[in-house]
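The structure under discussion appears below in the form of structure tokens.
The values are calculated or read from the model by the stated rules, or taken from the named source; none is laboratory data. Keep in mind that what you see is a predicted model, and the values were worked out from it rather than measured. No Cβ is skipped: glycine too gets one built from the backbone with ideal geometry, and neighbour counts run over all protein chains shown.
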Amino acid sequence: MNKQKRMAKLFGKDGKTIIVALDGFAFSKNTDGIDFSVKNVKNLLKYGLNAALVTYGQAQMFEEDLIDVPTVLRVDGSVNVFDGNVPETAQFFDVKDALKLGADGVVCMTFPGAKGREEFSHKMLTYLAQQGEIWNVPVLAETLPYSYPVLNEESGDPMNVRTAARLGAEYGADVIKTRMTGDIETDKKIVENTHRPVVALGGPKTSNEEYFKFVRNLMDAGVKGIACGRNITQDPNPVGKVAALSAIIHDDKSVDEALKIYNNVKSEH
């Protein structure tokens, strides 16, 4: 299979995507809702979900639940899972592991500006990009200035995010996943400078109205979708959440229309 066919599995025909991030076990002890979401992911596809971001262990443990689900394999992970800042990561898997598991892409984090981590993370990305070219597998780079959460002004600075995103593209990533501001003009500059599809990191855990406004602004800025975890996995109505997000991302609907969809589409337990 060529790379474009695999990309087409991860994105809709409109070139946009909703990815549920289920890789929390590799980085955090805050994992509520993830196992339920893995078992429910096929159902979420019916409401507009495009793909799931999974760990190696999940791909094995939940093989039956993930059959026919487009997946991206997380190839790196924390080496100190009890530190929520994710200060250090290591590469544990590669493109060949993804192919063995039937995944359609791989993802890793990069930390531009992080002391002692920038060189390692960029070398990991370039290695994966080289493998991706050999095996025709899309590579997603999660480019995060300095650290996973926004710890200071520098890690959330839009110019730093813009630089980090472009570095990911320069080192061979096919898709960039990064934190966005939710400000249309600011995010447009990040998108235009990257020259690769930009998928937004999940975003803030806020009210549905605020979150849908954030996503609506992302679409207006040219972002190609979202990859979010807890905003889906910890929502009391995950199918409603995905349906509402799909309305904004795939159907170009308004925030008010998305809120109505969320309230009308109910999860079955």
Task: Near pairs, Cβ below 9 angstrom, 6+ apart or cross-chain, from the range 246-269 (over 14 Å from N217 (Cα atoms) and modelled with pLDDT of 95 or more) to any residue that is assigned to a helix (DSSP H, G or I) and of a type in the set (S, T, Y) - done: I261/S246
Open item on the list: Looking at the structure I just gave you, is R117 of a type in the set (K, R), more than 16 Å from Q131 (Cα to Cα), touching an Asp or Glu at 6+ places or on another chain (Cβ under 8 Å) and buried (at least 17 other Cβ atoms within 10 Å of the Cβ)?
Closed with: yes
Open item on the list: Take residues that are among the aliphatic types (A, V, I, L, M) and tell me which of the helices (runs of 4 or more DSSP H) falling wholly in the range 161-242 contain 2 or more.
Closed with: 184-194, 208-220
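Per-residue answers, yes or no, for (1) in a loop (DSSP other than H, G, I, E, B); (2) touching a strand residue (DSSP E or B) at 6+ places or on another chain (Cβ under 8 Å); (3) at pLDDT below 95:
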site	(1), (2), (3)
A8	no, no, no
F25	no, no, yes
D35	no, no, yes
G48	yes, yes, no
Q58	no, no, no
D65	no, no, no
L73	no, yes, no
N85	yes, no, yes
Open item on the list: Taking the condition of being in a helix (DSSP H, G or I), among the acidic types (D, E) and at pLDDT 95 or above, how many residues in the range 87-136 meet it?
Closed with: 2
Task: Single condition A59 does not satisfy, out of (1) more than 15 Å from Q234 (Cβ to Cβ); (2) more than 15 Å from the chain's Cα centre (by Cα); (3) touching a residue at least 60 places away in the same chain (Cβ under 8 Å) - done: (3)
Task: Single unsatisfied condition, V199 versus (1) under 14 Å from the mean Cα position of the chain (by Cα); (2) more than 23 Å from P149 (Cβ to Cβ) - done: (2)
Task: Filter pass, G225 being small (G, A, S) and either within 23 Å of V54 (Cβ to Cβ) or in contact with a strand residue (DSSP E or B) (Cβ under 6 Å, 6 or more places away or on another chain) (or both) - done: yes
TODO: Confirm whether K39 is surrounded by fewer than 20 Cβ atoms within 10 Å (Cβ to Cβ), touching a helix residue (DSSP H, G or I) at 6+ places or on another chain (Cβ under 6 Å) and assigned to a helix (DSSP H, G or I).
DONE: yes
